[in-house]
Amino acid sequence: MSLIEAQNLTRIFRRGAEDVRALTEVSFHIEEGEFIAIVGPSGSGKSTLLQLLGGMDLPTSGSLCLAGKEVSRLSDAERTRLRRDTLGFVFQDFGLLPILTVEENISLPRTLGKASPGPPVAELLERVGLSHRRHHRPHQLSGGEMQRVAIARALVRRPRILLADEPTGNLDSTTGASILSLLEELNQNDGITLIVVTHNETLAAAAGRRLSLQDGRLQEQNS
Ligand SMILES: Nc1ncnc2c1ncn2[C@@H]1O[C@H](COP(=O)(O)OP(=O)(O)OP(=O)(O)O)[C@@H](O)[C@H]1O
Ligand SMILES: [Mg+2]
């Protein structure tokens with residue numbers, strides 16, 4: 001069984017009297033350790049797909065198995081646990097809390113819910129090259145540094161899967177390239193399965209495989 005198995009995933013949003021088909025019958029498998037780029041024009045369903053993969057939303061029809069569990073069959077509590085124990089998230093806008101220091105932002109997921117074993121914050125800071133910034137607050141950091149903090153925070157529970165939506169979207173190309181190297185290293189050295197939504201061609205080209213969406217449908221699977 002693959003780490004992720006999507007079968008005929010369909011997501012329809014109701015907007016007033018109108019139905020918006022964000023995803024239509026999307027099927028694919030992702031194996032542990034893969035680096036996948038999700039690409040496609042604006043509005044093609046990329047973020048919708050990432051939300052489903054992250055267990056933050058449920059399909060209108062179709063099935064999604066994550067680490068052997070059929071997501072739609074789980075209770076809210078079970079889905080939250082699966083998300084917390086298996087997945088890490090990174091977003092375009094970093095999502096850091098401005099009143100917390102770098103160190104506090106990184107350890108936040110650990111303070112929510114039950115304490116879980118994971119790498120010490122000092123090790124994570126070292127990992128993303130920010131040991132010297134641990135007492136800083138987000139507004140004192142550059143965009144690239146903020147994204148490194150977000151990546152360190154995503155790693156705090158040792159996820160098997162890292163999901164990222166446009167992780168380089170707010171960064172210049174040099175800074176974006178350094179974030180890409182960090183993500184590649186996590187994939188290659190730590191074996192974390194990496195799934196990245198991106199418009200950045202360099203990032204997409206670094207992936208082992210791309211899932212290309214067009215009007216909510218999957219186009220081809222090979223890069
Ligand atoms: N909560 C929602 N309610 C209604 N429609 C939605 C909702 N979320 C997404 N959609 C619609 O679903 C379609 C796919 O949206 P999605 O955000 O997945 O696109 P995307 O590929 O991520 O685009 P972008 O590159 O601009 O981020 C769009 O037509 C969007 O308007
Ligand atoms: Mg999007």
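P(r) of region 4-218 in 10 Å steps, Cα pairs, percent per bin?
8, 34, 36, 19, 3, 0
Please list, ordered by chain and number, the residues whose modelled amide H lies under 5 Å from the amide H of residue 219; skip anything fewer than 5 residues away on the same chain.
Amide H to amide H, under 5 Å and 5 or more residues apart or across chains, residue 219 pairs with 212, 213, 214.
List the relative contact order of the chain as a percent without decimals, with contacts defined as Cα pairs under 8 Å and 6+ residues apart.
29
Can you pull the three principal axis extents for the Cα set of region 16-144, in Å, largest first?
49, 33, 32
Rounded to two decimal places and with Rh computed the Kirkwood way over Cα pairs, what is Rg over Rh for region 18-89?
Reported Rg/Rh, Kirkwood definition of Rh: 0.95.
By average Cβ neighbour count within 10 Å, what is the ranking of 168-181, 6-19 from highest down?
168-181, 6-19
Which of 29, 135 has the fewest other C-beta atoms within 10 Å, and how do the rest follow up to the most?
135, 29
Could you quote the convex hull projected area for region 109-181, Cα atoms only and averaged over all directions, in nm²?
For region 109-181, the mean projected area of the Cα convex hull comes to 5.4 nm².
Counting only residues 5 or more places away or on other chains, whose amide H sits under 5 Å from the amide H of residue 162 once H atoms are built in the peptide plane?
For residue 162, the qualifying residues are 88, 193, 194, 195.
List, in order, the whole-Hz ³J(HN,Hα) value for each residue of region 188-194 obtained from phi through the Karplus relation with A = 6.51, B = -1.76, C = 1.60 and θ = phi - 60°; use x for Gly and Pro.
With the stated coefficients, region 188-194 comes to 7, 7, 9, x, 6, 6, 10 Hz.
List, in order, the whole-Hz ³J(HN,Hα) value for each residue of region 63-70 obtained from phi through the Karplus relation with A = 6.51, B = -1.76, C = 1.60 and θ = phi - 60°; use x for Gly and Pro.
Ordered by residue, 3J(HN,Hα) equals 10, 9, 10, 10, 6, x, 10, 7 Hz.
Considering amide H positions built from the backbone, and no H for Pro or chain starts, which residues 5 or more places from residue 26, or on another chain, come under 5 Å of its amide H?
8, 9, 10
Can you give the charge dipole size of region 4-218 about its Cα centre, rounded to the nearest 20 debye, using +1 on the beta carbon of Lys and Arg and -1 on the beta carbon of Asp and Glu?
Here region 4-218 has a charge dipole of around 560 debye.
Which ³J(HN,Hα) values, rounded to whole Hz and listed in residue order, are derived for region 197-204 from phi using the Karplus coefficients 6.51, -1.76 and 1.60 in 6.51 cos²θ - 1.76 cosθ + 1.60 with θ = phi - 60°, glycine and proline given as x?
With coefficients 6.51, -1.76 and 1.60, one gets 7, 7, 9, 7, 5, 5, 5, 4 Hz.
The numbers here are math on the coordinates, done by the rules we state, and not lab data. Every value quoted in this text rests on a predicted model; they were computed, and no experiment measured them. Every residue, glycine as well, gets a Cβ built from its backbone with ideal geometry; the counts of neighbours run over all protein chains shown.
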